[in-house]
Each structure stands twice: as structure tokens, then as C-alpha cells.
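A short worksheet on the structure shown next.
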Amino acid sequence: MLIQKSYARALAARPPLLLFKPFTQSLPFSSVPLPKPPKKHCPPLAALLEIGGVKIAKDDVVREGDPANNVPDTIFSKIGLQLHRRDRHPIGILKNAIYEYFDEKHEGKFLKFDDLCPIVSVKQNFDDVLVPADHVSRSYNDTYYVDAQTVLRCHTSAHQAELLREGNTHFLVTGDVYRRDSIDSTHYPVFHQMEGVRVFSKDDHVGSDMDAISYAATNLKKTLEGLAQHLFGAVEMRWVDTYFPFTNPSFELEIFFQENWMEVLGCGVTEQEILKRSGRMDCVAWAFGLGLERLAMVLFDIPDIRLFWSTDERFTSQFSKGQLGVKFKPFSKFPPCYKDMSFWINESFTENNLCEVVRGIAGDLVEEVKLIDNFTNKKGMTSHCYRIAYRSMERSLTDDEINQLQWSVRDAVENKLKVVLR
């Protein structure tokens, strides 16, 4: 149910899971003159998808004539790929391992939903889980809007209220979720979440010597501690009190793993208002939410989130159904190429918008976009300098190829973001 900590807290940065050692090899920086690129032909995207019985045409999602629409072709191309439904993929393997735990502990109770359409209403995505009207997550800077009232879900919680209204009391929801975000080794605009919900009737806690809220919280912690041990083995754990708008009390579970404390998931006792709106007047419930990529990167030793989308057999052949925690063996050590770009920003400039433009041009060849310098002159104009790291996970990039990308990025940044290049 839970928006992850970095999303629920306005503009809070998510810490990286794994750090790269710096590379000493690189191709020329942007100070080297760049040859103008030839025009490239882009292959057409699939025109029609079907997810959970819902047919989706490209024009339903990417609407160039709608000023409220901010979904690019690169994001539409990921809809329907459903990595979480692939049994030989790290995301699917992890999902199935979590299913296995709940089946062992609660045989036949938890229903599983993993094919729900990612296009949802603003009400489903935000209002139904009590996200405040002024929360940063509602902004066009953070969320992909299909139109003013429709979005690509930011979290699997978007389906919670509907499933509760249908009478479900134990369920797991897994799916691809979409957020406009920065570019680095642990962030990607499409990733996968799992949410779990359990509802208790007013009679469930009778005889426990606990009130309903305490009973639900105790059961929640016991359940999730068991899940952490199922995935990571006998690890030290701790609970951290936190805040989410949709649970009270709210917690984060951390484990001591590989010599560091690592957040595993967020959870809590569901706000009564959510249950009341769903017709559960005399019930209590708990909910948890976790990011599958975050855990899979640690369990499988995958250093870069882009690898999850690779179709290279050197990646895909390393994983087998039911084999949780097989360590990824790197198959390439290609050097990065760094290019710098400086420009005067305007009042509407945001880093997320910049990353969308760069990703729209370079796709998964861009490894990181990082602000390395900024200043304001005597006239009040502010300059930003960003360093863009290009690197393929599968092959070595040529000078010409990178120069072409950089020229295209510069042109697109200038034209779309209305900044003045320096």
C-alpha cells in the first residue's frame, strides 16, 4: 500500500544501494567540438496492448495534443512488458519467493493480483489512499499524467480501495509503477512494487488482551519479520517509527545486511477512513509495500537498475525459475563517456524535466545525470552545469555515437525546456 519513503517525503533522496568505484578511463568531455549528427530513424512502437483484459492503444496514453499529458514514447514502450510475470527474471523470481512465503504461512488465504491495468484515475492513485491535495507526488514533475484526471499508477496502492470494496480481506498486488525521477544506477522511471493487505474483523482480537490497533500492528510485524528471514536468512532486524498519510501507526523495517542497515519496506495499520470508505466500518487492517528492484539488486548483486530491462542473453541466461539470490556475474566493463552541459535556467526548470528529455534521447545509454556546478550572476540569472554519463551495459560506445547523442540532447534541452545554453 505504501508510497516508499523517498516518495512520501517531499523531494527526499533515496540512498543508493551499491556504489561504483570511479572509472579512470573516459572519452572526451563536452569541451571537445562535437560533429553534427545525421537524422536517425526510430522504429514504430506497438500500437495496441492488452493488460488484464483492458486494450490500450498508444494514442490512449501518449496524447501530443493534450497539454495535461506528459507521457513520452519511452515510457509507453515499457507498458505491458511486465517483468514481474517472468519466472526466469530476477523480479519474477523475487515475486514468487514472496508468494511462496505467504502460501506457506497462510495457505489459500492471500489472493494474488499481478495483471491489473497500470492506467488509473487520480482518485484511485491519490484520493483513495488519503494523499493530501498539495502533496508533491501529485505534481506533473513527479507523476505521468495521461490527462488531467488519469495517470500511470505511481504505486500498487492505486488498486487497494477497489479490492477492499469487492470484499477481499487478504491480498497481494504486484505491478509495474511509474514515476518521473532522476537518472542514476538505482533510479528508473518504471519499476515494480508489491503491496500486501490483511483485514481483521472485530472478533479476531478477542481474547488477545490487546486492542484492535495493537493486535493488527503486532500481527503485521510478526508477518514481515518472517518474510525478511525467508528472503535474507537469519538477519538482525529493527523497526523504525515513521509517517505515511494512509497508515497509523506507521513503520519501516530495516535489516542489517552486508555490514549496513538497509530499509526493506514500509508498512502500518491502515487508516480507519480508508476502511470506512470501503464499507469496512468495524474492521482494522494492515498494509505493507516494497520495491522489488530495491531488494533484487541486493539479493542478486545487480549493480545497475537498467540491467533489469536488458534482453542480452548474457544477462537473462544467468537466472532460473525458483533460484533466489543467484549472484549476477558482470559480462562487460565498458568505460563511461562523460559530457558536460551548461545553461541558464528559468523559473519553470526542474531536474526531473531535464532527466526526461535526456532519457527520451539517449534511452538506457544514459547512466547518470548529475549537477556538478551552479551559480547566480549579478543580474540574478542562475546557471547549472550537468555532467551526463553515457555507458552501454552491453557494448562499447564510439565517439561518433556519443557526439550524436549529445548534440541531440543539447538541442532538445534548449527547445523543450526553454533554457539558454552556455
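The values are calculated or read from the model by the stated rules, or taken from the named source; none is laboratory data. These numbers were taken from a predicted model, which means no experiment stands behind them. Counting neighbours? That spans all protein chains shown, and the Cβs are built from the backbone with ideal geometry, glycine included. Areas reflect the complete protein model, heavy atoms only, side chains present, ligands, DNA and RNA absent. Shrake-Rupley method; radii C 1.70, N 1.55, O 1.52, S 1.80 Å.
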Would you confirm whether or not the range 184-196 contains a residue that is part of a loop (DSSP other than H, G, I, E, B), at pLDDT 95 or above and farther than 29 Å from residue 85 by Cβ? no
Considering 291, 325, which residue is at pLDDT below 95 and closer than 23 Å to residue 228 by Cβ? 325
Checking the condition crowded, with 19+ Cβ neighbours inside 10 Å and β-branched (Val, Ile, Thr), which residue from 326, 269 passes? 269
Complete set of residues in the range 251-262 that are open to solvent by less than 30 Å² (accessible area, probe 1.4 Å) and either in contact (Cβ under 8 Å) with a residue 40 or more places away in the chain or charged (D, E, K, R) (or both): 252, 254, 262
Any chance residue 367 is under 21 Å from the mean Cα position of the chain (by Cα), buried (at least 20 other Cβ atoms within 10 Å of the Cβ) and either farther than 30 Å from residue 159 by Cβ or in contact (Cβ under 8 Å) with a residue 12 or more places away in the chain (or both): yes
Do we find a residue being part of a strand (DSSP E or B) and over 14 Å from residue 408 (Cα atoms) anywhere in the range 347-368? yes
Give the range 162-189 a look and list any residue that's farther than 25 Å from residue 72 by Cβ and of a type outside the set (Val, Ile, Thr), or say none. 162, 163, 164, 165, 166, 167, 168, 170, 171, 172
What is the one condition in (1) closer than 25 Å to residue 98 by Cβ; (2) surrounded by fewer than 17 Cβ atoms within 10 Å (Cβ to Cβ) that residue 136 does not satisfy? (1)
Since residue 90 meets every condition but one in (1) open to solvent by 60 Å² or more (accessible area, probe 1.4 Å); (2) modelled with pLDDT of 90 or more, which condition does it not meet? (1)
Does the range 124-133 contain at least one residue that is closer than 28 Å to residue 282 by Cα, among the β-branched types (Val, Ile, Thr), buried (at least 20 other Cβ atoms within 10 Å of the Cβ) and out of contact with any Cys (no Cβ under 8 Å at 6 or more places or on another chain)? yes
In the range 337-371, which residues are of a type in the set (A, V, I, L, M) and closer than 14 Å to residue 183 by Cβ? 341, 354, 357, 358, 361, 362, 365, 366, 369, 371
Scan the range 275-288 and give yes if some residue there is under 28 Å from residue 323 (Cβ atoms) and either without any contact (Cβ under 8 Å) to a residue 60 or more places away in the chain or open to solvent by 10 Å² or more (accessible area, probe 1.4 Å) (or both), otherwise no. no
